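Chemist: Questions regarding the structure given below will be posed in turn.
Coordinate-derived values only; no laboratory data. Remember, predicted model here, so these are calculated numbers, not experimental data. All Cβ positions, glycine included, derive from the backbone under ideal geometry; neighbour counts span all protein chains shown.
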Amino acid sequence: MDRIVKKMLDRLAPSTLFEVKTGIRQVAVEIILCALSRSGFFKLAALNGDTARRIQYGLDGFSHTLEFSLLKPDPGFRIEKFLPVIEKELRSYGLNFQSELKDNGKDSFLSSAYLYGNTEEHMLMLCDDKELAESVSDTDRIKVKIEVDTDPPLYAGYDTVKRELPVPFEVYTYDLPSLFAEKIDNTICRIWNSRTRGWDLYDFDFYMKKGQPVNLKHLWSSLLYSGYVEAREDMTLDEVKANLCYRFKEVNYERAKIDLLPFIDDKESLDAWSAEYFCGISEALIAVNCS
């Protein structure tokens, strides 16, 4: 089975230590999604967040977190039911990962777990550059986080995405208008120690260049869910644009780019980033109302 894993890793063409570690993590994510698909998990939940955006569009970059939302609220849902299935599937491909539950607190609507694998062990198995593999600390671990929202925002739309490796399988995801709504919610609401996350801007820019409409009802629900003070169920698209522009004027764009630099080949594509640029492109935002 490790031949399949090597094939998956070779397709990513990693060369540096950072790229190899990221590649192994990305391979593990595909196997985890395959395991969840086999287990019937996608009858209960859909993939959303950054990984869904990456596999829907083939975008640059890679998230360490697999984010899911239940199709129907269920505060009693626990991800631990699926962890043995995931570990077994990873082992069947020669990947030795152990799971660990994350305590989100009794009032949280998130059910979360981590999967850890020893970096040196997996690099020695999969990497042709043994010197590079042996340069890794024996305590270094590859980590994947799984997070399930048990009471998610309303009005999301859904789609099915086919994946080919390690074997053909299907992933149930948020559709593109709903993923864009999530990204706008992140762009408006998410603050990381006063630094805007660069991937939020990068993805927003990408969606706008594609002319992607946003699921406006899901955006309303997401903003209300996030506790955004300006959010209302009758919020207009013009009000969304105004709130985006207000946020864009607060951003330190040079700091925001830091997240992206290890992943982006065309770094010059970020040169245009400014408040004027993002406020300007947001004027073209269009919406669909999904039920």
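Chemist: Kindly provide log₁₀ I(q)/I(0) values, in the same order as q = 0.22, 0.31 Å⁻¹, from the Debye equation applied to equal alpha-carbon scatterers of the range 27-73.
Modeler: Log10 of I(q)/I(0), two decimals: -0.81, -1.25.
Chemist: Starting from the exponent 0.38 and prefactor 2.2 Å, build the expected Rg for the range 176-288 from its residue count and divide its actual Cα Rg by it.
Modeler: The value comes to 1.01.
Chemist: For the chain, with a Gaussian network of springs between Cα atoms less than 10 Å apart, report the residue from Asp200, Asp266, Asp175 with the top mean-square fluctuation.
Modeler: Looking only at Asp200, Asp266, Asp175, the biggest GNM fluctuation is shown by Asp266.
Chemist: Let me have the 222 nm mean residue ellipticity of the chain computed from DSSP H runs of 4+ only, each contributing -39500 (n - 2.57), with the sum over all residues rounded to the nearest 500.
Modeler: So the helix-based figure for the chain works out to -13000 deg cm²/dmol.
Chemist: log₁₀ I(q)/I(0) of the range 196-237 at q = 0.15, 0.16, 0.25, 0.27 Å⁻¹, via Debye over equal Cα point scatterers, no solvent, to two decimals?
Modeler: These q points yield log10 I(q)/I(0) values of -0.46, -0.52, -0.95, -0.97.
Chemist: In addition: Report, by chain and number, residues whose modeled amide H sits under 5 Å from the one on Val288, excluding near sequence neighbours (fewer than 5 apart, same chain).
Modeler: Those lying under 5 Å, H to H, from Val288 are Val214, Asn215, Leu216.
Chemist: Treating only the Cβ of Lys, Arg, Asp and Glu as charged (+1, +1, -1, -1), what charge dipole size does the range 2-174 show about its Cα centre? Round to the nearest 20 debye.
Modeler: With Lys and Arg at +1 and Asp and Glu at -1, about 560 debye.
Chemist: Does anyone have the angle between helix 237-248 and the longest principal axis of the chain? Alpha-carbon axes, 0 to 90°, nearest 10?
Modeler: The two axes meet at around 60 degrees.
Chemist: Continuing with the same structure: Roughly what percent of Cα-Cα pairs across the range 206-264 reach past 15 Å?
Modeler: Considering the range 206-264, 63 percent of its Cα-Cα pairs are separated by more than 15 Å.
Chemist: What are the radius of gyration and Dmax of the chain, computed over its Cα atoms and given in Å?
Modeler: 19.6, 60
Chemist: Which semi-axis lengths, in whole Å and largest first, follow from the square roots of five times the eigenvalues of the Cα gyration tensor of the range 101-173?
Modeler: Sorted largest first and rounded, they come to 33, 21, 7 Å.
Chemist: Indicate, rounded to the nearest 5 percent, the antiparallel portion of the DSSP beta bridges found entirely in the chain.
Modeler: Looking only at bridges with both residues in the chain, the antiparallel portion is about 75 percent.
Chemist: Tabulate in residue order the Karplus-calculated ³J(HN,Hα) for the range 32-42, using 6.51 cos²θ - 1.76 cosθ + 1.60 with θ = phi - 60°, rounded to whole Hz; enter x for Gly and Pro.
Modeler: Taking θ as phi minus 60°, the curve returns 4, 4, 4, 4, 5, 5, 5, 7, x, 4, 6 Hz for the range 32-42.
Chemist: Please give the charge dipole size of the chain, origin at the Cα centre, charges +1 on K and R Cβ atoms and -1 on D and E Cβ atoms. Round to the nearest 20 debye.
Modeler: That gives a dipole near 600 debye.
Chemist: If you project the alpha carbons of the range 1-126 onto the principal axes, what extent comes out on each, in Å, largest first?
Modeler: 43, 29, 26
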